[in-house]
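One structure is given below, encoded as structure tokens.
The values are calculated or read from the model by the stated rules, or taken from the named source; none is laboratory data. Note that this is a predicted model, so its numbers are computed, not measured. Every residue, glycine among them, receives a Cβ derived from its backbone with ideal geometry; neighbour counts consider all protein chains shown. The area values use the complete protein model at the heavy-atom level, side chains included, leaving out ligands, DNA and RNA. Shrake-Rupley method; radii C 1.70, N 1.55, O 1.52, S 1.80 Å.
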Amino acid sequence: MWQEILPNAWKSVLSRIRSFEYSQKNAVLVPVAALGVGGILICWLRSRHKIKTIEMGDGWWGSGERSLKGREDDSIRPFKIETSDKEIEDLHRRLDQARYTPHVEGAAFHYGFNSSYLKEVVSYWRNQFDWRKQVEVLNKYPHFHTTIEGIDIHFIHVKPSYVPHGRAVQPLLMVHGWPGSFYEFYKIIPLLTEPAKHGLNEGDLVFEVICPSIPGYGFSEAPHQQGFDSIATARIFHKLMKRLGFKEYYIQGGDWGSRITTNMAQMLPQSVRGLHLNIVFLGKQSLGRLISIMLGAYVPWLVGLSREDARRVYPFMQKNVYDLLRESGYLHIQATKPDTAGCGLNDSPVGLAAYILEKFSTWTDKSFLHKDDGGLESKYSLDELLTNVMIYWVTSSIVSSMRYYKENISKDPNLNAYNRFGVHVPTGIAAFPQEIVHTPRTWAKDVYKNIVTYSYMPRGGHFAAFEEPKLLAQDIMQFVRKVEQM
Amino acid sequence: MLLEVFLVLGTVIIYFLFSKKKEETLPFKDGWWGKGQKPDTEEDTTIRPFKVETTEEELSDLFRRLDQARFTEPLENSCFHYGINSVYLRKVVSYWKNQFNWKKQVEVLNKYPHFKTKIQGIDIHFVHVKPPRLSEGQSAKPLLMVHGWPGSFYEFYKIIPLLTDPASHGLSDEHVFEVICPSIPGYGFSEAPHKKDFNSVSAASVFYELMLRLGFNEFYAQGGDWGWLICTNLAQIAPNHMKGLHLNLASVSKMGFTHLLSILLGRYFPGLFGFQEEDIRRMFPFLEKGLYRILSESGYAHIQATKPDTVGCGLNDSPVGLAAYILEKFSSWTDMEFQNLEDGGLERKFNLDDLLTNIMIYWVSGCIVSSMRFYKENLQKGIGTQKHEKLTVQVPTGIASFPNEIMHTPQAWAQKKYTNIVSFHFMPRGGHFAALEEPELLAKDILQFVGKVEKEQLWKKKRE
């Protein structure tokens with residue numbers, strides 16, 4: 001009955017309106033229009049307000065009290081890495097006096113770094129590795145220092161040597177992790193600043209790359225105060241980019257770099273054109289997640305897992321619990337007693353190398369545990385591995401690098417306090433098969449609300465930029481191209 | 001009628017199986033831990049006297065490393081919260097270089113007779129101290145004392161005289177002991193196993209062979225830290241040879257539903273779960289005193305149980321790093337509050353000579369890595385999963401519960417595993433390194449425990 005009445009009523013209302021005088025029409029239309037536009041405006045304002053951002057805050061990490069007088073020196077000072085005979089002789093002396101412990105029979109890398117292979121590495125280090133030459137390699141890109149929040153921040157800034165007319169140069173901030181450094185990006189930088197030269201014809205994309213050292217790592221000064229976490233780092237890197245004159249930029253990271261760049265996107269989304277990650281950390285496991293994990297082993301498609309996801313995630317207990325437990329001892333001790341854990345490593349270069357290179361073995365390919373030489377030289381050269389170790393050695397930064405774990409983890413063991421903020425900037429994820437944990441797209445969506453690209457990489461592990469620079473560069477470029485087209 | 005028969009039979013069978021399982025002994029674990037293949041020749045079973053020695057070269061190498069030590073400044077106001085405080089560590093290193101006298105300490109170490117003997121392919125080091133005098137008709141009771149990590153046989157040097165010669169130290173001399181302190185294989189002057197899988201049961205088997213080789217058919221055993229587990233395993237392997245087991249740590253690795261329940265409700269219904277007032281005081285609030293403490297203090301165990309060769313590498317090369325790593329434990333495990341002190345409270349309970357002597361044992365023997373492997377061999381399959389963890393102990397047991405031990409185990413929990421607890425005492429003070437920190441308290445507790453066992457001949461009772 002009422003189905004007939006409604007259209008009839010509507011018809012009569014419409015005819016009444018049409019019969020109005022012009023001014024009377026306005027009297028109806030204008031308020032309606034105003035209401036409509038007003039409503040849209042309110043909705044739009046509210047939706048903008050819905051995106052919560054992490055508060056920027058402020059910090060001071062220098063020693064002693066912050067000086068209230070005068071402004072902070074914000075000059076950007078060029079910097080060159082140097083070495084000396086004394087430094088090299090001291091290193092050689094320590095290498096010569098190294099004391100080793102024979103491993104148990106059949107240990108391979110199951111007990112940690114194999115001491116027989118370590119002797120070979122140290123022999124190379126002592127006799128063939130040329131630190132002066134490596135310092136020249138390090139200096140091929142321009143280095144700088146600038147003081148932010150009381151500490152000296154080190155970074156390299158590489159601009160493309162040739163920019164074709166009219167091409168825009170995208171600024172890209174790339175953040176390393178532990179036990180890496182800015183040096184991990186040395187092979188990928190040319191692929192991003194001069195793609196055409198390296199056979200990467202990604203059309204119209206060219207980057208200028210900024211790689212800072214996280215405070216406490218490498219040539220960045222270590223914080224003198226407690227509490228220096230990834231939020232403080234994110235803020236400092238935003239200030240750095242601002243100081244360099246950038247208003248909008250892309251950011252990329254793995255390991256701690258992933259966490260820091262994520263925080264950067266949550267803190268100042270308007271400055272982040274796009275966020276690219278090669279690892280995704282999701283701390284919290286909710287009940288729904290647990291159920292989908294259990295179901296996913298049998299019906300992955302039902303819970304949004306692809307076949308590749310299932311291949312990488314299952315068997316779940318083995319890959320995500322046992323393997324993680326086996327590999328996270330370093331994390332546990334660094335998150336609780338960093339000054340103890342790092343003390344001997346800052347005094348024994350051989351100990352430092354064993355500790356760091358063990359990660360370059362296991363986190364590149366889990367099967368390397370079974371090899372007597374940890375498979376290290378199948379993916380990396382000793383020169384590049386030792387250059388990274390030397391950065392920790394000559395800057396004495398191993399202890400401060402470990403403190404980062406305590407500052408971030410002891411407050412928030414699951415690293416998920418900021419996950420509730422979500423990440424709304426366009427995000428690209430490169431999922432490498434040998435990464436320590438695999439995060440499927442459906443799970444990443446919980447935090448990263450705007451995933452533009454998600455790629456299953458064909459090979460590679462945790463140190464993606466170091467191990468597979470071309471694959472990573474290609475993925476970054478196809479992500480940025482998509483974002484630019486949007 | 002048939003149903004009733006089956007029911008009775010079923011019950012009998014279940015009871016039989018159930019009780020038999022609990023009383024099962026742990027099998028002796030034979031092994032060969034030497035290098036390469038086991039030779040066909042008979043093993044050399046001689047017991048050779050041994051003296052700790054040092055050389056000028058050893059000392060100058062040490063000093064050179066101490067001189068070139070590189071330190072990292074601590075964060076402001078961090079005390080011992082980030083681990084050892086390097087400002088205090090510098091003071092220790094300065095003492096180590098300028099005042100500590102290793103040659104003198106070696107003489108101190110040699111004041112008790114040392115020996116070595118080959119068991120299951122490796123050289124086992126031990127100290128064997130007999131009483132200086134015995135009364136008419138008295139015989140010395142053999143007492144095996146086993147150290148832990150990061151300790152050594154040296155931890156017992158203060159308590160040994162109280163047990164071999166109690167009368168001279170104001171203690172009752174009703175019972176007098178001859179003390180045997182071995183070094184766990186891979187620790188100190190005992191050879192490290194060259195093969196995988198040398199765990200606490202292996203160590204217990206080796207020490208069992210040692211006691212038999214020394215001619216002891218019946219003995220007492222005492223231990224804390226790994227010594228607790230090794231002596232427990234020994235009691236499970238050879239209950240007929242062990243008259244009594246004394247522990248200053250009694251951890252429970254198998255936690256079940258009742259444990260969880262008692263953690264949740266024990267504070268409100270202590271009697272229901274068998275908790276005493278002192279238990280409540282030491283255990284609750286559980287999150288703070290139990291869970292968080294374990295998490296914040298077990299990083300070392302986690303990394304040693306997974307990558308011992310990595311974490312020990314630098315420590316075997318840097319004496320300062322080694323000292324930092326070991327001293328941190330002597331601080332927090334003696335009193336958790338020491339973390340709030342800039343010097344970690346170390347010299348309140350110990351003197352630097354003793355602490356550095358213990359560290360030197362790890363340094364001169366180069367054993368830090370093999371000492372850490374023990375964690376992997378014991379823990380890599382997980383906690384609570386091994387056979388010996390499911391078996392109980394029927395040997396008469398005495399437990400000295402020290403207040404500052406890392407985690408407190410109430411008697412209610414301990415007696416599920418140690419079914420024959422003869423004495424359980426709350427000690428008034430002291431932490432993890434009981435023998436070194438409170439030798440008199442520990443000695444008194446051992447003496448009263450042995451007194452009880454001997455008086456009622458308790459070891460015989462369980463064999464009937």
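Observations on the model:
- Being outside any helix (DSSP H, G or I), more than 25 Å from A:V272 (Cα to Cα) and open to solvent by less than 40 Å² (accessible area, probe 1.4 Å) is a description that does not apply to A:G428.
- When the residues of segment A:123-132 are filtered to those that are assigned to a helix (DSSP H, G or I) and surrounded by fewer than 21 Cβ atoms within 10 Å (Cβ to Cβ), the one that is farthest from the other protein chains (Cβ to nearest Cβ) is A:R132.
- Selected residue (only one of A:G112, A:G62 is open to solvent by less than 20 Å² (accessible area, probe 1.4 Å), at pLDDT below 95 and not hydrophobic (A, V, I, L, M, F, W, C)): A:G62
- Whichever residue in segment A:329-365 is within 7 Å of another protein chain (Cβ to nearest Cβ) and not in a helix (DSSP H, G or I) and, among such residues, is nearest to B:N85 (Cα to Cα): A:K337
- Taking the criterion of being at pLDDT below 90 and of a type in the set (F, W, Y), the residues of segment A:406-442 that qualify are A:Y418, A:F421.
- The residue of segment B:75-99 that is farthest from the chain's Cα centre (by Cα), among those that are of a type in the set (V, I, T) and more than 8 Å from chain A (Cβ to nearest Cβ), is B:V87.
- The condition of being open to solvent by less than 30 Å² (accessible area, probe 1.4 Å), within 14 Å of another protein chain (Cβ to nearest Cβ), over 17 Å from the mean Cα position of the chain (by Cα) and under 29 Å from B:G299 (Cα atoms) holds for A:S400.
- Any chance B:E53 is part of a helix (DSSP H, G or I) and at pLDDT 95 or above: no
- Counted as qualifying within segment B:306-421 are the helices (runs of 4 or more DSSP H) with 1 or more residues that are over 15 Å from B:L89 (Cα atoms) and away from every other protein chain (no Cβ under 12 Å), namely B:346-349, B:352-365, B:368-379, B:387-390, B:411-417.
- Qualifying positions in segment B:266-300 - among the aliphatic types (A, V, I, L, M) and either within 14 Å of chain A (Cβ to nearest Cβ) or not in a helix (DSSP H, G or I) (or both): B:L287, B:L291, B:I294, B:L295
- Residue, farthest from the other protein chains (Cβ to nearest Cβ), within segment A:91-111, restricted to residues that are without any contact (Cβ under 8 Å) to a residue 12 or more places away in the chain and within 34 Å of the chain's Cα centre (by Cα): A:A107
- Scope segment B:213-262; condition within 16 Å of the chain's Cα centre (by Cα), over 18 Å from B:L458 (Cα atoms), part of a helix (DSSP H, G or I) and among the β-branched types (V, I, T); matching residues: B:I230
- Against the conditions (1) part of a helix (DSSP H, G or I); (2) away from every other protein chain (no Cβ under 14 Å); (3) open to solvent by 10 Å² or more (accessible area, probe 1.4 Å); (4) touching a residue at least 40 places away in the same chain (Cβ under 8 Å), A:D323 satisfies every one except (2).
- Residue match in segment A:203-213 (condition: outside any strand (DSSP E or B), away from chain B (no Cβ under 14 Å), open to solvent by less than 10 Å² (accessible area, probe 1.4 Å) and closer than 27 Å to A:V389 by Cβ): yes
- One residue from B:F426, B:F449 being open to solvent by less than 40 Å² (accessible area, probe 1.4 Å) and of a type in the set (F, W, Y): B:F449
- Subset of segment A:55-90 [acidic (D, E), within 27 Å of A:R132 (Cβ to Cβ) and either more than 14 Å from chain B (Cβ to nearest Cβ) or not in a helix (DSSP H, G or I) (or both)]: A:E82, A:D85
- Any hit, segment A:227-240, residues being of a type outside the set (F, W, Y), open to solvent by 10 Å² or more (accessible area, probe 1.4 Å) and assigned to a loop (DSSP other than H, G, I, E, B): yes
- Residues that are on the phi < 0 side of the Ramachandran plot and out of contact with any helix residue (DSSP H, G or I) (no Cβ under 7 Å at 6 or more places or on another chain) within segment B:381-402 comprise B:K381, B:I383, B:T385, B:Q386, B:K387, B:E389, B:K390, B:Q394, B:T397, B:S401, listed in sequence order.
- Among the candidates B:P132, B:P150, B:P166, residue that is modelled with pLDDT under 95 and open to solvent by less than 10 Å² (accessible area, probe 1.4 Å): B:P166
- B:K91 meets each of the listed conditions (1) open to solvent by less than 70 Å² (accessible area, probe 1.4 Å); (2) closer than 14 Å to B:A324 by Cβ apart from (1).
- Among the residues making up segment A:293-315, those that are surrounded by 13 or more Cβ atoms within 10 Å (Cβ to Cβ), assigned to a helix (DSSP H, G or I) and free of Cβ contacts under 8 Å to residues at least 24 places away in the same chain are A:I293, A:L295, A:G296, A:P300, A:A310, A:R311.
- The residue of segment B:196-212 that is nearest to the other protein chains (Cβ to nearest Cβ), among those that are open to solvent by 20 Å² or more (accessible area, probe 1.4 Å) and assigned to a loop (DSSP other than H, G, I, E, B), is B:K196.
- Residue check, A:M390 farther than 21 Å from A:S116 by Cβ, within 14 Å of chain B (Cβ to nearest Cβ), in contact with a Phe, Trp or Tyr (Cβ under 9 Å, 6 or more places away or on another chain) and buried (at least 22 other Cβ atoms within 10 Å of the Cβ): no
- Of the residues in segment B:332-340, not one is of a type in the set (G, A, S) and open to solvent by 20 Å² or more (accessible area, probe 1.4 Å).
- One residue stands out among those in segment B:53-74 that are among the polar types (S, T, N, Q) and more than 11 Å from every other protein chain (Cβ to nearest Cβ): the one that is farthest from the chain's Cα centre (by Cα), which is B:S60.
Table: residues versus (1) more than 14 Å from every other protein chain (Cβ to nearest Cβ); (2) surrounded by 24 or more Cβ atoms within 10 Å (Cβ to Cβ).
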site: B:H194; (1), (2): no, no
site: B:L214; (1), (2): yes, no
site: B:N217; (1), (2): yes, no
site: B:A235; (1), (2): yes, yes
site: B:M255; (1), (2): yes, no
